[in-house]
1. Can you tell which of Val478, Val513, Val502 is surrounded by 19 or more Cβ atoms within 10 Å (Cβ to Cβ) and in contact with a Ser or Thr (Cβ under 6 Å, 6 or more places away or on another chain)?
2. Of all residues in the range 177-197, which are more than 48 Å from the chain's Cα centre (by Cα) and exposed (fewer than 13 other Cβ atoms within 10 Å of the Cβ)?
3. Suppose we keep only residues that are basic (Lys, Arg) and under 36 Å from the mean Cα position of the chain (by Cα) within the range 399-433. Which one would you say is surrounded by the fewest Cβ atoms within 10 Å (Cβ to Cβ)?
4. Taking the stated definitions as given, is Glu297 among the charged types (D, E, K, R), open to solvent by 10 Å² or more (accessible area, probe 1.4 Å) and more than 26 Å from Gln450 (Cβ to Cβ)?
5. Give Glu183, Glu166, Glu210, Glu179 a once-over and let me know the one that is modelled with pLDDT of 90 or more and not small (Gly, Ala, Ser).
6. Tell me the residue from Leu241, Leu227, Leu258 that is more than 27 Å from Gly341 (Cβ to Cβ) and free of Cβ contacts under 8 Å to residues at least 60 places away in the same chain, please.
7. What tally of residues in the range 66-118 results from selecting those that are closer than 16 Å to Leu32 by Cα and open to solvent by less than 40 Å² (accessible area, probe 1.4 Å)?
8. Take the conditions part of a loop (DSSP other than H, G, I, E, B) and either touching a helix residue (DSSP H, G or I) at 6+ places or on another chain (Cβ under 6 Å) or closer than 30 Å to Glu503 by Cα (or both) and apply them to Asp270. Does it pass?
Amino acid sequence: MFKNYTMNQLVLPLDLEVKLQKNDIAFHIHHLVESIPHEVFEPFLRNEGCTAYHPRMMLKIILCAYTQSVFSGRKIEALLKDSIRMMWLAQGYEPSYRTINRFRVHSDVKELIRQCFVQFRCQLIEEKLIDQEAIFIDGTKIEANANKFTFVWKKSIEKYHHSLIERSNQLYNELLENEIIPEIEREGDEQLSLKELAQLVGKVDNVVAEYDKQIEESSDVPERKALRSERKYPKQVRKQLIDFVLRKQKYQRDFEILGTRNSYSKTDLDATFMRMKDDYMQNGQLKAGYNVQIATEGQYTLAYSLFSNPTDTRTLIPFLDEIENHYFVLPKHIVADAGYGSEQNYNDILSNRKREALITYNLYLKEQKKKYKQNPLNPDNWQYCEETDTYICPNQKRLEFQYHSVRTDRTGFQRRFKIYECEDCSGCPFRSSCTKAKEGNNRKLMVNEQWEQQKEYVRAKLSEEKTSSIYRKRKIDVEPVFGFLKANLRFTRFSVRGKSKVENEMGLALMAVNLRKFTAKQLR
């Protein structure tokens, strides 16, 4: 005997909510999006054209699709016809893939995604899943949706641009020597501007036109032949000058796109070429990508931002600014790995923000080793006399203070050094191992007092029981989020181009990871 089965009878219930499990992820998506204030959706209101789908519904179905590792607009459209949770969230609507794609890259969606993170953090605090004691910061590189061999390198552009400047100046001098054109009023002696090159093209054009006129008016064959011969060089120069103008325009556009970066991709102008860790052996390749920075607590992403520079050091300060301006007030402890340890970052957190920086520096682990502490040639182990402000080297020679030095890096941050010099390095048995200075020159020592104080602060903080326990949580708090994103969610490459669009997609993916983890915890 079989259970009743017929295809010709209406089966109840029609409410799809009944078909979902009690703790289905669709309910958490629904509650999160519904918690966003109504005012945030007002920019989407339109008084003309066809009535639009509600942005709450659109955000729900896209978030739901991302939690199921579906990032394609066409596949999201297909899910609306197949998935019960998607049908329930859409309440019977079936927006096309074009509508879905247009919505998720819309500029106003960025505020919706930001509100999702703000409301989600409030929910975590309410349920006591985070204690707001610290945030853990780290970054990863994610490949852009750009072709592989579309790179433009800043050094190459500078090289070709310099060659263009030399050739254009040389050509201008030749034209003056041959008295083909009169001297023009130049803005500077170093290079011809785009306007000046265009002016030269016009003057050479007039010369060629004058030759054409003389050739047409002349009936003497030898004279016409001589005129054509004289016209040949100005015509070649005109062609060359037009080429210079086009190349100058291209190089100027390249420099505008590059900005402070060293490279960009022709298919995604905001993407920068970075070394990606492609396999378990960390054999990387240069690929166009973005540096994604996240701040987490309890393995939940609370804030994120995208940067074009591949190194993490210069991303910390703008990322903390982003958090304070758009997400939440910074907690007491800022925790990050040695990639963020720099004098400028420590100074910003300790002095400007009045927070505790639990951030190691590059040599922190090396300094803990016995070999480092017992190395007699290491300046950190040299004896220092505070009264005379001198160091004593392993050969018992004094290094006396000479002068102050200030160095400014690319970001404009100034580092102040005290320069010490050994009284006499001649005949020193340690000379070859101690210094690379030429024979006759003495060993010099550069000491950055502020940097040394900051390192001492970090060592003291990480030796305390409470702060060291917070720092030890870093590896199990922020790094698993990238594992969830890339391995579980299978989000390893963006599907859109342009930084503003990529930021929206990154926010959706990170919120999808948050929702999956939150749902899994509720099931326990």
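The values are calculated or read from the model by the stated rules, or taken from the named source; none is laboratory data. All values derive from a computational prediction rather than experimental measurement. For neighbour counting, all protein chains shown are included, and Cβ atoms are generated from backbone atoms with ideal geometry for every residue, glycine included. Just so you know, the surface numbers come from the protein's heavy atoms only, side chains and all, with ligands and any DNA or RNA stripped out. Shrake-Rupley method; radii C 1.70, N 1.55, O 1.52, S 1.80 Å.
1. Only one candidate qualifies: Val478.
2. The answer is Glu177, Asn178, Glu179, Pro182.
3. My answer is Arg410.
4. yes
5. That would be Glu166, the only listed residue that is modelled with pLDDT of 90 or more and not small (Gly, Ala, Ser).
6. On inspection, the qualifying residue turns out to be Leu227.
7. The number of residues fulfilling the criteria is 13.
8. For Asp270, the condition - part of a loop (DSSP other than H, G, I, E, B) and either touching a helix residue (DSSP H, G or I) at 6+ places or on another chain (Cβ under 6 Å) or closer than 30 Å to Glu503 by Cα (or both) - is met.
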